[in-house]
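A.B. asks: Have a look at this one.
Each reported figure results from applying straightforward, stated rules to the coordinates on display, with no laboratory input. Note that this is a predicted model, so its numbers are computed, not measured. Backbone-built Cβ (ideal geometry, glycine too); neighbour counts: all protein chains shown.
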Amino acid sequence: MIDTATALARLDADGYVVLPDAVDADLVARIRGEVDPYLASAPFGRNDFEGFRTQRLYALFAKAPSTAALVAHPAVLALVDHHLAQPCLLSANIAINVHPGETAQDLHPDDGYCGVPRPRQPYGLSAIWAIDDFTATNGATEVVPGSHRFGNDATPAADDPRIRSIEMRAGSVLVFLGTTYHRGGANRSDRTRLAITPQYCAPWMRQIENMSLAIPNAVAAAMPERVQELLGYSIMSPFIGYVDGMHPRRLLEHE
Ligand SMILES: O=C(O)CCC(=O)C(=O)O
């Protein structure tokens, strides 16, 4: 396992880092077992970004509670906590199953929706966990190294020669800054490519998934305290996130 200082140095230099074999095969199998029944009937995406040959499962804790171990993985949270104001939030937690024939996504940064001009500090970080091995042909995520420093006038082209395919074994995780340009790759293989992608954001930003409405209180109540905080059962000082003047965690007390 790469230590936190080395991982932070790589994030700073390249805008991304891979933590190989960060979870074991048992957890990978458990997560696959939880998502497979949903994937059996999940539709393909509704637009080119979601992917016309890609299935996505949203509100994932309600379907695959074992993904909490990925979302709150200490090695990932060490990187997230270093970069984001606290208590940061879980912006999204999505299963992405890329089918054969899928084309590459548009290159994009994940925190671009904040609208703050670049170059700038990241207001989000993303993790992409390989549940299948990621290969250059099966739709492995692609990144543009160093693109976290690009200004508004330097959006990389779809065929930028710097694009790098992130090949990694199942159980490994790619972590990148919200400012880093990346995309899901084309799947030219004959197998699907499954990933789980938690995305984290600053505590003052709106979450991409409306977590407190998407995840039932009873499901949130069963999650570790750090996951509850990430979902939004937390207060940013001095009082951002109150519910009726009280800490939102009180909503979980009687579940
Ligand atoms: O599936 C992937 O590898 C990346 C997906 C992605 O970047 C996104 O949907 O925002």
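A.B. asks: Would you be able to tell me the number of residues in the range 15-31 that are crowded, with 20+ Cβ neighbours inside 10 Å and under 25 Å from residue 147 (Cβ atoms)?
C.D. replies: Total satisfying the criteria: 6.
A.B. asks: So residue 149 ticks every box in (1) under 22 Å from residue 94 (Cα atoms); (2) away from the ligand (no atom under 16 Å from the Cβ); (3) of a type in the set (D, E, K, R) but one. Which box is left unticked?
C.D. replies: Against the list (1) under 22 Å from residue 94 (Cα atoms); (2) away from the ligand (no atom under 16 Å from the Cβ); (3) of a type in the set (D, E, K, R), residue 149 comes up short only on (1).
A.B. asks: Right, next: If we keep just the residues of the range 198-245 that are surrounded by fewer than 18 Cβ atoms within 10 Å (Cβ to Cβ) and of a type in the set (D, E, K, R), which is farthest from the ligand (Cβ to nearest atom)?
C.D. replies: 244
A.B. asks: I'd like the residue in the range 92-109 that is more than 9 Å from the ligand (Cβ to nearest atom) and small (Gly, Ala, Ser) and, out of all such residues, is nearest to residue 155 (Cα to Cα).
C.D. replies: The extreme case among them is 104.
A.B. asks: Assess whether residue 137 counts as being free of Cβ contacts under 8 Å to residues at least 60 places away in the same chain, within 23 Å of residue 52 (Cα to Cα) and surrounded by 16 or more Cβ atoms within 10 Å (Cβ to Cβ).
C.D. replies: In short, yes.
For (1) assigned to a strand (DSSP E or B); (2) without any contact (Cβ under 8 Å) to a residue 60 or more places away in the chain; (3) surrounded by fewer than 24 Cβ atoms within 10 Å (Cβ to Cβ), each residue gets a yes or a no:
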residue	(1), (2), (3)
152	no, yes, yes
162	no, yes, yes
180	no, no, no
183	yes, no, yes
196	yes, no, no
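A.B. asks: Of everything in the range 134-146 that's within 13 Å of the ligand (Cβ to nearest atom) and part of a loop (DSSP other than H, G, I, E, B), which residue is farthest from residue 171 (Cα to Cα)?
C.D. replies: At the first step, the residues of the range 134-146 found to be within 13 Å of the ligand (Cβ to nearest atom) are 134-136, 138-144.
Now drop any that are not part of a loop (DSSP other than H, G, I, E, B), which leaves 135-136, 139-140, 144.
Numbers: 135: 14, 136: 17, 139: 16, 140: 14, 144: 22 Å.
So, considering only residues that are within 13 Å of the ligand (Cβ to nearest atom) and part of a loop (DSSP other than H, G, I, E, B), the one farthest from residue 171 (Cα to Cα) is 144.
For every residue, the table says whether it meets (1) in contact with a Phe, Trp or Tyr (Cβ under 8 Å, 6 or more places away or on another chain); (2) farther than 19 Å from residue 192 by Cβ; (3) within 16 Å of the ligand (Cβ to nearest atom).
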site	(1), (2), (3)
13	no, yes, no
23	yes, yes, no
26	no, yes, no
30	no, no, no
39	no, no, yes
44	yes, no, yes
58	no, no, yes
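A.B. asks: So which residues in the range 184-196 are within 8 Å of the ligand (Cβ to nearest atom) and closer than 16 Å to residue 92 by Cβ?
C.D. replies: Answer for the range 184-196, where residues must be within 8 Å of the ligand (Cβ to nearest atom) and closer than 16 Å to residue 92 by Cβ: 184, 195.
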